[in-house]
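A short worksheet on the structure shown next.
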Amino acid sequence: MSAALLIDAAYVIAAVLFIVGLKRLGSPETARSGNISGALGMLVAIAATLFSQEILGFGAILAGVGIGGLIGLVLARTVQMTAMPQLVAVFNGFGGGASALVAVDEYIRIGETGAAATPDVAFTIAAGILIGTVTFSGSMVAFGKLQGVVSGNAVTYPLQNASNALIALGILGVAGWMISAYDPRALLILAAVSFVFGILLVIPIGGADMPVVIALLNSYSGLAASAAGFVLSNDILIISGALVGASGLILTSIMCRAMNRSLANVLFGAFGAGGTTAAIGPAGDGDKTVREITPDDAAVLMAYSKSVVVVPGYGLAVAQAQHQVREMGDLLEEKGVDVRYAIHPVAGRMPGHMNVLLAEANVPYPQLWEMERINPELERTDVVLIVGANDVVNPTAEDDPSSPIYGMPIIEVHHAKHTIVLKRSLSPGFAGIDNPLFYAESNRMLFGDAKASITALVQELKNL
């Protein structure tokens, strides 16, 4: 068997491992093995590529693998769960930036030979620089918003969409210049304008839409990698990039449906640019009545219930209370209570954020119920405990056509017999709108830090 055939066979095996990994990532129960399958596929692909082409000396490659592996190990062990969305944003940016650098290098290499790039090669190079650079700068802005370095609100200015459209037309013109003739100036201008364009695309998107943005930028990074694969004529890079790009687009579509909004509305709607409701504290909201509950009363209510559903939100991640939630669930189960966890598709700051958070606390996968599955059960649920979630349980999405989130599918906790909301105050969520659930007759508010409140609940449950 020839070396070329062995390389092709290795690429096929790697592609199959990628596809199997993606399939298994579709369920929390198989996600861990899906990650292993994908990582193994990447290892096979890298090894085959190293043996097929003399890209660098093996010393430099091993040094790169060592340094990169060390950085990855440190990040994996030190990054807090609340910072995972930021880490994913940075990874997306690095992927896009690397693909753009590959395209730039190939353009320079072709220029040094004195030969002109064929139109198809020049097109893929321009596409790689455009998509990769937009992904890099856009991901850095997303990181800044998630990290709080820049405002998490939608930043808008007059004629924003019109100016973006003009920049997009300018990019197409520069790309055409770059394809028609070799000119390093075209490369520099395309990279610079694409960098600015990535910033302008993400800066007007508010924090409520960050899960969609993260999924979309992940898709961009895959498309940039696929373009790099065409530039290098590397089949496995084309395949893996296409898989990432396609899966990211599918996930983006799912997230948009979960919010009942179009992708265009997410990208250009500037959702959350202006708060519609001022933040209010626990003690006052005019004629609205807020009913508070103490940890001991909440513990009694839950302990003597038949069923309890926990709805986690970003506030749970911020409080790092997932382990206390798991302990509380175990105590309730020991008392014969049926405990489940309701997961909204856009809860948190990235796709699957709540699943990852609860998995870290070893919450059993069968207890995680998706929104469509848990909603029919809520009318028969005795208590719903909402921890740090707001917009995804706001009933105005169903009954107030004037609400900016009207039509967004929510976890219908207002149908449950009792709800308890753990929150620091009555301040609105990312959407910036009030939540009438807080004032409902069946609702009680347990104000305070989520971790401290759940710790108090755990202690009271132990005392019963």
In order over region 58-63: 3J(HN,Hα) from phi, Karplus 6.51/-1.76/1.60, θ = phi - 60°, whole Hz, x for each Gly or Pro, gives 5, x, 5, 5, 5, 5
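Over the chain, give the accessible area per residue in Å² for a 1.4 Å probe, as an integer.
Values: 21200 Å² over 464 residues.
Result: 46 Å² of accessible area for each residue.
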The chain, helix-only ellipticity at 222 nm - DSSP H runs n ≥ 4, -39,500 (n - 2.57), divided by all residues, nearest 500:
-19500 deg cm²/dmol
Residue by residue through region 120-125, which ³J(HN,Hα) values in whole Hz follow from phi under the Karplus form 6.51 cos²θ - 1.76 cosθ + 1.60 (θ = phi - 60°), with glycine and proline marked x?
5, 5, 4, 5, 5, 5
Rounded to a whole number, what % of the accessible area of the chain do carbon and sulfur atoms account for, probe 1.4 Å?
65 percent
Hey, can you rank 452-463, 64-75, 22-33, 209-220 by average C-beta count inside 10 Å, highest first?
209-220, 452-463, 22-33, 64-75
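So which chymotrypsin sites (Phe, Trp or Tyr not before Pro) in region 401-464 pass both tests, a DSSP loop state and at most 15 other Cβ atoms within 10 Å of the Cβ?
Y406
What does the highest-first list of 109-117, 231-239 look like by mean Cβ count within 10 Å? Each step should come with its number before you reach the end.
Numbers: 109-117: 12.2, 231-239: 19.9.
Per-residue mean Cβ counts within 10 Å order the peptides as 231-239, 109-117.
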Nonlocal amide H pairs with D338, under 5 Å, H built at 1.01 Å
S307, V308
Tensor-based shape of region 327-464 (alpha-carbon gyration tensor, a/c under 1.5 rounded, otherwise prolate or oblate):
prolate
Calculate one ³J(HN,Hα) per residue across region 69-76 by plugging θ = phi - 60° into the Karplus curve 6.51 cos²θ - 1.76 cosθ + 1.60, and present them in order as whole Hz with x for glycine and proline.
x, 5, 4, x, 5, 5, 4, 4
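The values are calculated or read from the model by the stated rules, or taken from the named source; none is laboratory data. Everything quoted here is computed from the prediction, not taken from an experiment. Quick reminder, even Gly has a Cβ in these numbers, built from the backbone with ideal geometry, and neighbours come from all protein chains shown. Only protein heavy atoms, including side chains, enter the accessible area calculation; ligands, DNA and RNA are left aside. Shrake-Rupley method; radii C 1.70, N 1.55, O 1.52, S 1.80 Å.
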